[in-house]
Amino acid sequence: MSAKKKVLLKVIILGDSGVGKTSLMNQYVNKKFTNQYKATIGADFLTKEVMIDDKLVTMQIWDTAGQERFQSLGVAFYRGADCCVLVHDLTVPKTFESLEVWRDEFLIQASPRDADNFPFVVLGNKADLESKRKVTAARATQWCKSKNTIPYHETSAATAQNVEAAFQEIARRALKQEHTEDPIYLPETLTLNANQNISNNRPMGPDCAC
Amino acid sequence: MEGGRNEVVVTSSSSIVSDFAAFRSDCPLKKFAQPHSHLEWTYFQAGPGDATPLVFLHGTSSTAAAFFYQVQSLSRKGYYVISAQYPAFSSPEEWCKGFDRFLDAMKCRAAHIVGAGLGGFLAQHYAARYPARVRSLVLCNSFASTYAFAARAGTWSSLIPVMPSMFLRQAMQDTLPQGGFMEMSAKQAIDWVGQQMNDLSGEDLASRLSLNCTGSQVPSLQLENRQITILESNGETMVPDELRRQLRIQYGGASFAELKSRGDFPYLSRPEEVTLFIEVHMRRFGDFIGYPTGDTPAAGYLEELPSWEDPLALREEPERRQVWKNPFEDDDLL
């Protein structure tokens, strides 16, 4: 593989509606937060370049509508994901209980090569609302442990608490996954006609784009 | 290098060939002859004709067939899709007039345009001159200026009109990437584009090469940057880095969609990914279809569909969320 290929990490954020998926992404990428809720339509993505251990990588973060049917964008949406972020609202137990379903659905749709070791990260969001907390850190950690030790972070998109650190971990795990996923490359073509040297040979004419 | 091609050991029995054959069996290639000229557009057309179409424009070396995967999948999702193949024009200005006639003939007032390479360049020219007719742009491995190509071509470009078509075809074949490591699907796409090229007339080849190699810069667009998606393959493409960078700078707030894979023709080598990005792009403009009946949100809501930077996004939208049905929906939150 040539060194010119950029590392692009595809990260998918899943979770029930209203847990703050879009807010987390916006806080991380644009450093913005709004209290007003607006349902995400379908899915959208944002990109951010980050340094991970002295390596510049591009994160393409996909946010989905918690309310949308999974299949509407098809498997292409899930395919090629390097990390899946599961988000729940730690003030709403039901959103935590859904994580299992989201995780299973992701594994079915994305069908990663090594499902057992596919990197997930769980975020318990709205950590700033400590007084309303319904899901204890211990409960969340225990669930994560039972799923092949998924890392767990408590974040607040509203105050930006822990958001940067959580996404650093997401990027690091995604990068590790990305390395295991190199597709098959064809080698330089073999030229049997000795008079012609095909590789990188552009004998005449302009380099035109097509 | 056609001879060389045949002697290359690694050729691929491509699935593109059979997929295209299946596509052709239910989608005929149509023609539109421009009045008072010898110019003839060819195109594939699919989906409901009453919607604002998504018009695909190919690059220097391709044909209307280049986007057959997208025509197929997007029309199945309910979009009105046209993949147009332009005849030989002498300049971007002439091309724009011709394309305007073509849209008239298709009976569409406006269009979303997806342009690859030269097609994207021409689409920008059109958007600058006929702003009312362009709803949005997706630029796939494209550029906003041809000066870098012109500089590389040098005096060569002035000879294009007098060159025999055999020579032009060879020149065009030679511009396709031939060496280096690439994924099997990318290689198949290049091979297929190379074969399709044989259907092009000498006049077409000359026109495209000179459009590509004559220095020209897209005038500034009236489109907001959020109406533009820049779609790029990973790694090197036939478009020089400086032009890619320039395009990104020119449309700073545009959505920048990077593909994980390499290859100049991602719409052939990674069709699902390209379709996904186009679909996401279209949803930003309220043209999103493909929901099971009953789930289709109210049209008025969709017109207000925000992009991330859009201040409108901060507006409250009460009670309309109910439209969606999700088995995992948490009613308490609605």
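Throughout, read-outs are computed from the coordinates displayed, never taken from laboratory work. Keep in mind the model is a prediction, meaning the values are calculated, not measured. Every residue, glycine among them, receives a Cβ derived from its backbone with ideal geometry; neighbour counts consider all protein chains shown.
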Original post:
Counting only other chains, what is the mean number of Cβ atoms within 10 angstrom of the Cβ of each residue in peptide A:8-19?
Top reply: 3
Subject >> Overall Cα dimensions of segment A:6-180 - principal axes, largest extent first, Å >> reply: 43, 31, 31
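Would you mind checking A:Lys134/B:Lys260; A:Lys21/A:Lys176; A:Lys10/B:Lys30; B:Lys97/B:Lys187; A:Lys132/B:Lys260 for any pair whose Cα atoms are more than 32 angstrom apart? Don't skip to the answer; put the middle values down first.
Working: A:Lys134/B:Lys260 39 Å; A:Lys21/A:Lys176 23 Å; A:Lys10/B:Lys30 39 Å; B:Lys97/B:Lys187 35 Å; A:Lys132/B:Lys260 41 Å.
Correct reply: A:Lys134/B:Lys260; A:Lys10/B:Lys30; B:Lys97/B:Lys187; A:Lys132/B:Lys260.
How much net charge surrounds A:Ala137 when only the other residues with a Cβ under 15 Å from the Cβ of A:Ala137 are counted, with Lys and Arg +1 and Asp and Glu -1?
Numbers: positive: A:Lys126, A:Lys132, A:Arg133, A:Lys134, A:Arg139, A:Lys145; negative: A:Asp89, A:Asp128, A:Glu130, A:Glu154.
The answer is +2.
Please compute, for peptide A:156-167, the average count of beta-carbon atoms on other protein chains lying within 10 Å of each residue's beta-carbon. Mind dumping the intermediate values first?
On the way: counts 0, 0, 0, 0, 0, 0, 0, 0, 0, 0, 0, 0.
For this peptide, the per-residue mean of nearby foreign Cβ atoms is 0.
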**OP:** Output the peptides A:132-141, A:25-34, B:182-191 sorted from most to least packed, where packing is the average of other Cβ atoms within 10 Å over each peptide's residues.
**Re:** B:182-191, A:25-34, A:132-141
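Mind ordering A:162-171, B:247-256, B:25-34, B:263-272 by average Cβ neighbours within 10 Å, highest first? Please list the in-between numbers first.
Numbers: A:162-171: 20.0, B:247-256: 17.6, B:25-34: 12.4, B:263-272: 25.6.
Descending mean neighbour count gives B:263-272, A:162-171, B:247-256, B:25-34.
What are the semi-axes of the equivalent ellipsoid for segment A:59-149, taken as the square roots of 5 times the Cα gyration tensor eigenvalues, largest first, in whole Å? Walk me through the intermediate numbers first.
On the way: eigenvalues 117, 49, 25 Å².
In descending order, the three semi-axes are 24, 16, 11 Å.
For segment A:25-161, what relative contact order do you get, as a whole percent, if you take Cα pairs closer than 8 Å and at least 6 residues apart? Could the numbers behind the result be given before it?
Numbers: 180 pairs, mean separation 31.2, N = 137.
The value is 23 percent.
How shielded is B:229-237 by partner chains, expressed as the average number of their Cβ atoms within 10 Å of its Cβ atoms? Mind showing how you got there, number by number?
On the way: counts 0, 0, 0, 1, 0, 6, 6, 3, 2.
So the per-residue partner count for this stretch is 2.
Counting Lys and Arg as +1 and Asp and Glu as -1, each charge on the Cβ, what is the dipole of segment A:6-180 about the Cα centre in debye, to the nearest 20?
Details: 23 positive and 21 negative charges, 30 e Å.
Once rounded to the nearest 20, the dipole reads 140 debye.
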Original post:
Considering only B:His112, B:Gln34, B:Phe149, whose Cα is most displaced toward the positive end of the charge dipole of segment B:16-320, charges sitting on Cβ of Lys, Arg (+1) and Asp, Glu (-1)?
Top reply: B:Gln34
Original post:
How much net charge surrounds B:Ser216 when only the other residues with a Cβ under 15 Å from the Cβ of B:Ser216 are counted, with Lys and Arg +1 and Asp and Glu -1?
Top reply: +1
Original post:
Per residue, what volume in Å³ does the convex hull of the Cα atoms of segment B:16-320 enclose?
Top reply: 135 Å³
